[in-house]
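The values are calculated or read from the model by the stated rules, or taken from the named source; none is laboratory data. All values derive from a computational prediction rather than experimental measurement. Note that each Cβ is placed from the backbone with ideal geometry, even for glycine, and that neighbours are counted across all protein chains shown.
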Amino acid sequence: MARTVFDCARVPGKTCTLQIIGDKKDVLPAAKQHLVAAHGMKNTKQLDDNVTQVVDDHAKRYGTWV
């Protein structure tokens, strides 16, 4: 299962510790909403591009129950 991680601490000039983990289709809009609501950023195409650049896609296989 691939997971996407947004870590607000990676945003320049922010000292926020919020992390959002989940499916990329859910993480990107949630991260953008957080940046707008909590940090007063403008909801722009540039914000979309910046958020997309700072998320990490983690493809780690987890053990399964037998």
**Report entry** Of all residues making up the range 10-30, the number that are surrounded by 11 or more Cβ atoms within 10 Å (Cβ to Cβ), out of contact with any strand residue (DSSP E or B) (no Cβ under 7 Å at 6 or more places or on another chain) and in a helix (DSSP H, G or I)
**Finding:** 4
Query raised in the report: For ALA37, all conditions in the list (1) at pLDDT 95 or above; (2) surrounded by 12 or more Cβ atoms within 10 Å (Cβ to Cβ) hold save one; what is the number of the exception?
Result: (2)
